[in-house]
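S.K.: First, the structure itself, so that you have it in front of you.
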Amino acid sequence: AVEEWKEGLSPRVLQKIHELETQVDKLKKERQQRQYQLETLEAALQKQKQKVKNEKNESAILKRENQSLMEFCDNLEKAKQKISHDLQVKESQVNIQSGQLNSCKKNIERLEKELKR
């Protein structure tokens, strides 16, 4: 029934119909291949988009972590400066007390010499 419409056509027309049908089949196969390629490329694109999204999220997490570490380092630096300052103050106090101690020792030695006389 599908081929009935071709009955009575000249061999030249039948040849041309056959060529066109062959070309249609070829184009259908080509279309299927391109559709498959398109689907494959779309899947790859979605995969890349997801990868980019994941990397952006990871980048944001790393930026926050970096900021947190920078703040922590700043706090450590401030604490170090405070401890360094406190140490200088205490060293100064030790030097003052050491000087007072030496002065007292000399005073005691002087007083002991006076007592001996």
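S.K.: For segment 31-44, which positions are open to solvent by 90 Å² or more (accessible area, probe 1.4 Å) and not aromatic (Phe, Trp, Tyr)?
M.R.: Within segment 31-44, the first condition is being open to solvent by 90 Å² or more (accessible area, probe 1.4 Å), and the residues that meet it are 31-34, 36-37, 39, 41-42.
Passing the criteria: Arg31, Gln32, Gln33, Arg34, Gln37, Glu39, Leu41, Glu42.
S.K.: Would you confirm whether any residue within segment 14-26 is open to solvent by 100 Å² or more (accessible area, probe 1.4 Å) and either touching a strand residue (DSSP E or B) at 6+ places or on another chain (Cβ under 9 Å) or aliphatic (A, V, I, L, M) (or both)?
M.R.: Looking for residues that are open to solvent by 100 Å² or more (accessible area, probe 1.4 Å) and either touching a strand residue (DSSP E or B) at 6+ places or on another chain (Cβ under 9 Å) or aliphatic (A, V, I, L, M) (or both), one finds none in segment 14-26, hence no.
S.K.: For segment 11-28, check the following and say yes or no: at least one residue is touching a helix residue (DSSP H, G or I) at 6+ places or on another chain (Cβ under 7 Å), free of Cβ contacts under 8 Å to residues at least 60 places away in the same chain and part of a helix (DSSP H, G or I). Show your work before the answer.
M.R.: Kept after step one, since they are touching a helix residue (DSSP H, G or I) at 6+ places or on another chain (Cβ under 7 Å), are these residues of segment 11-28: 14, 17.
Within this subset, residues satisfying the condition of being free of Cβ contacts under 8 Å to residues at least 60 places away in the same chain are 14, 17.
From the residues that got through so far, the ones that are part of a helix (DSSP H, G or I) too are 14, 17.
Yes.
S.K.: Can you tell which of Leu87, Leu115, Leu69 is in a helix (DSSP H, G or I), of a type in the set (A, V, I, L, M) and exposed (fewer than 10 other Cβ atoms within 10 Å of the Cβ)? Give the derivation first.
M.R.: On the way: Leu87 fails: exposed (fewer than 10 other Cβ atoms within 10 Å of the Cβ); Leu69 fails: exposed (fewer than 10 other Cβ atoms within 10 Å of the Cβ).
The unique qualifying residue is Leu115.
The values are calculated or read from the model by the stated rules, or taken from the named source; none is laboratory data. Note that the structure is a prediction, hence the values are computed from the model and not measured. Reconstructed Cβ throughout: ideal geometry from the backbone, glycine too, with neighbour counts over all protein chains shown. These accessible areas exclude ligands, DNA and RNA; they are computed on the full protein's heavy atoms, side chains included. Shrake-Rupley method; radii C 1.70, N 1.55, O 1.52, S 1.80 Å.
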